[in-house]
1. Give the range 56-73 a look and list any residue that's of a type in the set (D, E, K, R) and touching a residue at least 60 places away in the same chain (Cβ under 8 Å), or say none.
2. Report yes if some residue within the range 177-194 is modelled with pLDDT of 75 or more, more than 23 Å from the chain's Cα centre (by Cα) and either in a helix (DSSP H, G or I) or among the polar types (S, T, N, Q) (or both); otherwise report no.
3. Which one of the conditions (1) in contact with a helix residue (DSSP H, G or I) (Cβ under 7 Å, 6 or more places away or on another chain); (2) over 19 Å from Phe189 (Cα atoms); (3) open to solvent by 50 Å² or more (accessible area, probe 1.4 Å) does Thr240 fail to meet, given that it meets all the rest?
4. Quick check: is even one residue across the range 42-51 in a loop (DSSP other than H, G, I, E, B), more than 31 Å from the chain's Cα centre (by Cα) and at negative phi?
5. Tell me the residue from Met174, Met235 that is modelled with pLDDT of 85 or more, of a type in the set (A, V, I, L, M) and either open to solvent by less than 60 Å² (accessible area, probe 1.4 Å) or more than 16 Å from the chain's Cα centre (by Cα) (or both), please.
6. Which members of the range 189-212 meet the condition of being surrounded by fewer than 13 Cβ atoms within 10 Å (Cβ to Cβ) and more than 17 Å from Gln109 (Cα to Cα)?
7. Taking the range 84-94 as the region of interest, how many residues are open to solvent by 50 Å² or more (accessible area, probe 1.4 Å) and at pLDDT below 85?
8. Taking helices (runs of 4 or more DSSP H) that fall entirely within the range 200-295, which contain at least 3 residues that are in contact (Cβ under 8 Å) with a residue 24 or more places away in the chain?
Amino acid sequence: MNARAKGIAKFTYKLKSNGAGYLFMLPWMIGFAVFMAFPIGWSLYLTFQKVGLTGTGFKYKYIGLQNFKDALLKDNEFTIQLLVFLQQMIFMIPIIIIFSLCVSILLNQRFPGRFLFRAIFFLPVIFSTGQVLTELFQQGAGDVPFIAQYGIDTYVSDHFSASMAEPILNILGMMILILWSSGVQILIFIAGFQTISNSIYEAVRIDGASPWTSFWKITLPGIKPFIGLNLLYTMVDLFTFPFNPIMEQIKKNMFSITTGYGYASAIAWLYFLLIMILIGLIMLFLNSSNKAGRA
């Protein structure tokens, strides 16, 4: 068999092995090519342009990397809000993951009405999206009054520096939001628990292992891939949340006379690159931990 025949055979084998996965991805790929590819490419083109509005329409002037330089070196509001938002994410992501894990452990137990409770925890994912979530928060549905009522805000301000107190108070103020953002993660963890055979728990129970020991030795290592999946999902979900201050910055600059679409596209692409870098670091960490576990 020559090299060409070997290549064709290898390609055919991969196509048969991965054909089902590509088939499931096909609707998304078609939708992306039809509805999203051109707008994304156009926004990348605008990052190198100074976009102005004239009486006859838009006027484009090529300025190279000036929009990126202005975003990183001149726009203090964008960089400061980005750093503050990253501080909040560092606190919020572990809280959401730990809360989801604890709730999923409870909902994975056998008790009457557990399907009803699973539905209750997932309902906010359906209702609290987009404009509905915005309206709910404008009506005060996301307020946490006990923070000021019991002096928690004063305690945090007195015992932490200003740079730490602000993100902590912001997170405490978004506790309702954190609860609402945990529905998908809870279902993913519950699905992860189903991949662990009950016979393993029966074996360690016969050996005298306590529930606490079986959790650390069996459950936690078994759902490690699902923890990574939830970590990625939570990060992307928070980075694209309606109340994200960076998204507000992009919208504000988009309709500003002094900045416009070009500058808004530049900070949007900087934000996108930051997200991709963080996702890459998480994937690298998960792959290294999986290799260490197999070794």
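The values are calculated or read from the model by the stated rules, or taken from the named source; none is laboratory data. What you see is a predicted model; the values in this text were computed from it and never measured. Cβ sites come from the backbone with ideal geometry, for glycine too, and all protein chains shown count toward neighbours. Just the protein is used for accessible areas: all its heavy atoms, side chains included, with ligands, DNA and RNA removed. Shrake-Rupley method; radii C 1.70, N 1.55, O 1.52, S 1.80 Å.
1. Initially, the range 56-73 is screened for residues of a type in the set (D, E, K, R), giving 59, 61, 69-70.
Listed by number, the list holds a single entry, Asp70.
2. yes
3. Unmet for Thr240, out of (1) in contact with a helix residue (DSSP H, G or I) (Cβ under 7 Å, 6 or more places away or on another chain); (2) over 19 Å from Phe189 (Cα atoms); (3) open to solvent by 50 Å² or more (accessible area, probe 1.4 Å): (1).
4. Let us first name the residues in the range 42-51 that are in a loop (DSSP other than H, G, I, E, B), namely 47-48.
From what is left, the residues that are more than 31 Å from the chain's Cα centre (by Cα) are none.
No, every residue in the range 42-51 fails to be in a loop (DSSP other than H, G, I, E, B), more than 31 Å from the chain's Cα centre (by Cα) and at negative phi.
5. None of the others qualify; the one that does is Met235.
6. Ile206, Asp207, Gly208
7. First pass over the range 84-94, keeping only residues open to solvent by 50 Å² or more (accessible area, probe 1.4 Å): 87, 90-91, 94.
Remaining after also requiring at pLDDT below 85: 87, 90-91.
The qualifying residues number 3.
8. 224-239, 245-254, 260-294
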